Amino acid sequence: MIKIEYWNDCDLCDILYQDGFKQLTYLNTVLCEPQYSIDKEDVDDEGSAITLVYDWEKRYRFQIVVPEYMVDAFYTMLLHDNVLIDDTLVTEIDIEHTFSGRFALCGVSFLGVRYRKDKCRNMMLAPSNARLPGGVCYEAEINVRGFIQDTTGVVQDGNYLIYDSSGYGYYSGILAHYSSGAWTEVAIAEGEGIYNSETGITYYYNGSIYFQYPYISAIDNISGGYHIYGFALPETFVYIYYDDLLACDPVTASIFNEAGVELLMPKADYTWKIECKTFSCDYGTSDDVLYEDGFILLNDFDEFILINEDQSKIYR
């Protein structure tokens, strides 16, 4: 969650600020990884080009899918004298947006800190309070390419997922662009995503399927324990819990997403969940999944099946 507060020193945009009014909003998103840049200036010193001046800059950024009135709010925010993000004064704000249907993917970036180093001195150009406090969690940036919504009725121009199958935590299908009554398939790369405007959930595309993260897709009853499958945000660690107890040491998301995790433990009725974390940050917890001993949750059908003693399966 990100808090944004902004106001002007005098009245602006037909808004009365002289009495102390401040704009305040909370956004259901988190910061992406910071972006860095360094510029070098070559100074000619007696015929030799020598780099004597460095400008080092660190910027923060977040993305969010919003309706048109929030796009208006972001752009008018640039006109104000005071902008605070998570109670920290920020400067040099940039806004970008891309509309798809009724919603737009907005990116907001701002200066964290800037240093300049020349031959004789090293000074910070941005004020110290422009830096965000330590411990801020960054979310891997997911470029939203389209939307999940009902396309059987009136459809506005934009990119939409035409899905052929779906279940708890995932969609499978083709991303297509709708314009003037015609559909055209749209290419999407691994690591990009789609957004469900009704639930507010972003789905990560792994090259073939769109996954909510984190989530448990299946629990297999194996000899001596269980095999847990699911999807976690890449470049995080996965913590697996049963009845709120840690089931094993954390595993990397790459291992968990590719093959799941086998756990040797007594059979019982457990409630399972997974968490995505780094060493200092929490990136979400899956919904609880109740597993009744002898039953398996199937991802493709979102049903339970019973394993008989002869290993035959009975759907229920």
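Each row is one residue, and each column tells you yes or no for (1) within 16 Å of Cys106 (Cα to Cα); (2) of a type in the set (Val, Ile, Thr); (3) modelled with pLDDT of 75 or more.
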| position | (1), (2), (3) |
| --- | --- |
| Tyr36 | no, no, yes |
| Lys40 | no, no, yes |
| Ala49 | no, no, no |
| Val53 | no, yes, no |
| Lys58 | no, no, yes |
| Val65 | yes, yes, yes |
| Met70 | yes, no, yes |
| Thr76 | yes, yes, yes |
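Which residue is farthest from the chain's Cα centre (by Cα), if the candidates are limited to the stretch 177-205 and must be closer than 17 Å to Thr236 by Cβ and in a loop (DSSP other than H, G, I, E, B)?
Glu190
In the stretch 4-18, what count of residues is obtained for those that are of a type in the set (D, E, K, R) and modelled with pLDDT of 90 or more?
Of the residues in the stretch 4-18, 1 are of a type in the set (D, E, K, R) and modelled with pLDDT of 90 or more.
Of the residues Ala253, Ala247, Ala232, Ala259, which is hydrophobic (A, V, I, L, M, F, W, C) and surrounded by fewer than 16 Cβ atoms within 10 Å (Cβ to Cβ)? Full working, then the answer.
Working: Ala253 fails: surrounded by fewer than 16 Cβ atoms within 10 Å (Cβ to Cβ); Ala247 fails: surrounded by fewer than 16 Cβ atoms within 10 Å (Cβ to Cβ); Ala232 fails: surrounded by fewer than 16 Cβ atoms within 10 Å (Cβ to Cβ).
That would be Ala259, the only listed residue that is hydrophobic (A, V, I, L, M, F, W, C) and surrounded by fewer than 16 Cβ atoms within 10 Å (Cβ to Cβ).
For the stretch 180-213, give me the residue count where each residue is surrounded by 12 or more Cβ atoms within 10 Å (Cβ to Cβ) and within 19 Å of Gln156 (Cα to Cα). Break it down stepwise before answering.
Filtering the stretch 180-213 for residues surrounded by 12 or more Cβ atoms within 10 Å (Cβ to Cβ) gives 183, 186, 188, 191-197, 201-206, 209-213.
Okay, now just the ones that are also within 19 Å of Gln156 (Cα to Cα), so 183, 186, 194-197.
The number of residues fulfilling the criteria is 6.
Using the structure shown, decide if Ile222 is touching a residue at least 24 places away in the same chain (Cβ under 8 Å) and crowded, with 16+ Cβ neighbours inside 10 Å. Quick ask: steps written out before the conclusion?
Details: touching a residue at least 24 places away in the same chain (Cβ under 8 Å): yes; crowded, with 16+ Cβ neighbours inside 10 Å: no.
No: the conditions fail for Ile222.
Among (1) surrounded by fewer than 17 Cβ atoms within 10 Å (Cβ to Cβ); (2) part of a strand (DSSP E or B); (3) modelled with pLDDT of 85 or more, where does Phe21 come up short?
(2)
Based on this model, can you work out whether Ser208 counts as in contact with a strand residue (DSSP E or B) (Cβ under 9 Å, 6 or more places away or on another chain), of a type in the set (Ser, Thr, Tyr) and part of a strand (DSSP E or B)?
Details: in contact with a strand residue (DSSP E or B) (Cβ under 9 Å, 6 or more places away or on another chain): yes; of a type in the set (Ser, Thr, Tyr): yes; part of a strand (DSSP E or B): no.
When the stated conditions are applied, Ser208 does not pass them.
When only residues in the stretch 50-79 that are assigned to a helix (DSSP H, G or I) and more than 21 Å from the chain's Cα centre (by Cα) count, which is farthest from Glu92 (Cα to Cα)?
Going residue by residue through the stretch 50-79, those that are assigned to a helix (DSSP H, G or I) are 68-77.
Subsequent filtering for residues that are more than 21 Å from the chain's Cα centre (by Cα) retains 69, 72-73, 75-77.
On the way: Tyr69: 22, Asp72: 18, Ala73: 17, Tyr75: 13, Thr76: 14, Met77: 12 Å.
Across the stretch 50-79, the extreme among qualifying residues is Tyr69.
The values are calculated or read from the model by the stated rules, or taken from the named source; none is laboratory data. Here the structure is a predicted model, which means the values were calculated and not measured. Methodologically, a virtual Cβ is constructed for each residue, glycine included, from the backbone with ideal geometry; neighbour enumeration extends over all protein chains shown.
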